[in-house]
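The structure appears right after this line, and notes come after that.
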Amino acid sequence: YVPGLPLPVGHFDAVLSKDFLHHLPDPMALWHEVRRLIKPGGFICVMDLRRPDSPQAAQKIVDAVTADEAEVLRIDFCNSLLAAFTPEEIREQLKAAALNLDVTLSGDRHVLIQGHAP
């Protein structure tokens, strides 16, 4: 996502994003850009982290998948998990952006958002 990048409106058959949504200060920026770029009926696929139920649950995931990593990376991953959105929050974002996409859980830490543009 580069604000002001001159990409053509309604030009793309598909828009894909992986582990980006939780980095944005305003998640609606992603959904508005998706709406702007995608052709009618185009495919949208976004996968992102999902926020665990508690900081303790986030730490459990961090411990399970990053045990051999540097501490700075473990801290960053934990912060990313805690910055992520819940499936319910993502559904609210999609409703506000007038996007009717499926939101499903994927594994122990991701959410998959996919479907076709109006």
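Rule-based calculations on the coordinates, nothing more; no lab input. This is a predicted model, so every value here is computed, not measured. Counting neighbours? That spans all protein chains shown, and the Cβs are built from the backbone with ideal geometry, glycine included.
Output the residues belonging to region 38-63 that are in contact (Cβ under 8 Å) with a residue 40 or more places away in the chain and more than 24 Å from Leu24 (Cα to Cα). Give the steps one after another, and end with the answer.
Residues of region 38-63 in contact (Cβ under 8 Å) with a residue 40 or more places away in the chain: 38-50, 52, 61.
Residues satisfying the conditions are Pro40, Gly41.
Can you find a residue that is closer than 17 Å to Ala117 by Cβ, out of contact with any helix residue (DSSP H, G or I) (no Cβ under 8 Å at 6 or more places or on another chain) and of a type outside the set (A, V, I, L, M, F, W, C) anywhere in region 9-24? The answer is yes; a qualifying residue exists. Per the listing Asp13, Asp63, Asp19, the residue uniquely within 29 Å of Asp108 (Cβ to Cβ) and more than 18 Å from the chain's Cα centre (by Cα) is Asp63. Determine whether Leu99 is within 17 Å of the chain's Cα centre (by Cα), assigned to a strand (DSSP E or B) and surrounded by 14 or more Cβ atoms within 10 Å (Cβ to Cβ). No; evaluated as a whole, the condition is false for this residue. Within region 85-108, residues that are within 15 Å of Asp26 (Cβ to Cβ) reach partners that are part of a strand (DSSP E or B) and among the aliphatic types (A, V, I, L, M) with beta carbons closer than 9 Å, at six or more positions or on different chains, in the pairs Phe85/Leu49; Phe85/Val111; Ile90/Val46; Ile90/Val103; Ile90/Val111; Ile90/Ile113; Leu94/Val103; Leu94/Ile113.
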